[in-house]
Amino acid sequence: MAATQGSQPPPPDSQDTPDRYVGLNAEHAERQAHDRGWSTVRQLPPGAIVTMEYRAGRLNFEVRDGTVTRCWKG
C-alpha cells in the first residue's frame, strides 16, 4: 500500500522482545526501547483504561513505582 501525499507509512514493529523490559526502571527502559527502534513508547499506570487499536511501532509499559511490570506491543 502506497502512502498518500503528505502522509507517512506506519513504522514497522521492532523485532525486540517486550519481555526484556519487565523489571527495568521505566525511564531506562523507555530509552532502550527507542534505541532499539520503537517509534512510540507509552507508560501507563496499572489498570489504566486503554483503547484496543493496534499501532505498529508502539510499545506499552505498565509501570508501578517507577518499574516496568508489564510490556506489550501495539
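The values are calculated or read from the model by the stated rules, or taken from the named source; none is laboratory data. Please read all numbers here as calculations on a predicted model, not as lab measurements. Using ideal geometry, Cβ is built from the backbone for each residue, glycine included, and neighbour counts are taken over all protein chains shown. SASA here: full protein model, heavy atoms, side chains in, ligands and nucleic acids out. Shrake-Rupley method; radii C 1.70, N 1.55, O 1.52, S 1.80 Å.
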Using 0.36 nm per residue, how much length does the chain from Ile49 to Thr67 gain when fully extended, once their Cα-Cα distance is taken away?
-> 4.6 nm
HN-Hα couplings for the stretch 18-30 via Karplus (6.51, -1.76, 1.60; θ = phi - 60°), in whole Hz with x for Gly/Pro, come out as x, 4, 5, 8, 5, x, 8, 4, 4, 5, 5, 4, 5
Could you tell me what percent of the accessible area of the stretch 17-74 is made up of carbon and sulfur, with a 1.4 Å probe and every protein chain present?
-> 49
List the chymotrypsin sites (Phe, Trp or Tyr not before Pro) in the stretch 41-74 that DSSP assigns to loop (not H, G, I, E or B) and whose Cβ has at most 13 other Cβ atoms within 10 Å. Which are they?
-> Tyr54
Dmax and Rg, reported as Rg then Dmax, of the stretch 18-74 (C-alpha, Å) = 10.3, 27
